[in-house]
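The values are calculated or read from the model by the stated rules, or taken from the named source; none is laboratory data. Note that the coordinates shown come from a computational prediction; the quantities given were computed from them, not determined experimentally. We place every Cβ from the backbone using ideal geometry, glycine too, and count neighbours over all the protein chains shown.
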Amino acid sequence: MVERVLHISASPRGERSVSARFAETFLTALAERKAIEVDRLDPWECELPEVDGDLLAAKYAGLAGEALTPEQEAAWDQIRKLAERFHRANTLLFSVPLWNFGIPYKLKHLIDAISHKGILFTFDERGLGGMLGGRRAVAIYTRGLGYGSGSQTPDDAFGLEKPYLDAWFRFVGISTVYSIVAEQTLGPSGAEVVAHGSDEAALLARNIDQEPPRAVILGRGE
């Protein structure tokens, strides 16, 4: 059986991106042990739907049970097609650098564009239900500085990208999440952290079907 992996690369730096390099290492190691099909979604390269007039009108018309206009239907069809790539995947692979305490704005744009009722979640009298259940997520985060306790940039105040994506995973129904956080990639030990991160990404790929969800933090001297 072929495993379908959707790789969402949140960095615009291409091959120079450390987070993207870790993700490629993960994919290479995964392909060595099973057949995979990789769909690459680069929010910096693809045309993301604007979350504006017609799209918001379609959203609220749907919530009210009203018929959509042709313009609203066209806007809604854009996000439906984009979200289909998430539904087709068995594994969602995110490679995410830390930008100003959180995720890069293009990744936020992508999440805002597809996170709607009937697209990635349901909501009725029984409550909220994510529509991506049964899938797993692998999130690779890179941070130039250190964010451990006692640092000038403590994790709970400055490292908000992982909590945000963890919340979004729960929101869309994904409960199996593996995370690698590599800190201090710009410091004097940066090369060591990058090498360790590559090893960790490969190790995760080799053992992911046997290991329970886990989070690994690299480069933190605690």
**Request:** Please identify the pairs in which a residue from the stretch 116-133 that is surrounded by fewer than 12 Cβ atoms within 10 Å (Cβ to Cβ) has its Cβ atom under 8 Å from the Cβ atom of a residue that is assigned to a strand (DSSP E or B), counting only partners at least 6 apart or on another chain.
**Result:** 123/117; 123/129
**Request:** Being of a type in the set (Phe, Trp, Tyr), over 17 Å from residue 11 (Cα atoms) and not in a strand (DSSP E or B) is the filter here, so list the residues in the stretch 81-134 that pass it.
**Result:** 86
**Asked** Got a number for residues in the stretch 2-46 being more than 23 Å from residue 196 (Cα to Cα), among the β-branched types (Val, Ile, Thr) and over 16 Å from the mean Cα position of the chain (by Cα)?
**Response** 2
**Prompt:** Residues 172, 194: which one is over 26 Å from residue 13 (Cβ atoms), β-branched (Val, Ile, Thr), modelled with pLDDT of 95 or more and touching a Ser or Thr at 6+ places or on another chain (Cβ under 8 Å)?
**Reply:** 172
**Message:** Could you tell me how many of the residues in the stretch 58-80 are free of Cβ contacts under 8 Å to residues at least 40 places away in the same chain, more than 30 Å from residue 138 (Cα to Cα), part of a helix (DSSP H, G or I) and not acidic (Asp, Glu)?
**Reply:** 7
**Residue identified as of a type in the set (A, V, I, L, M), over 30 Å from residue 186 (Cβ atoms) and surrounded by 21 or more Cβ atoms within 10 Å (Cβ to Cβ) among 57, 10, 35, 89** = 89
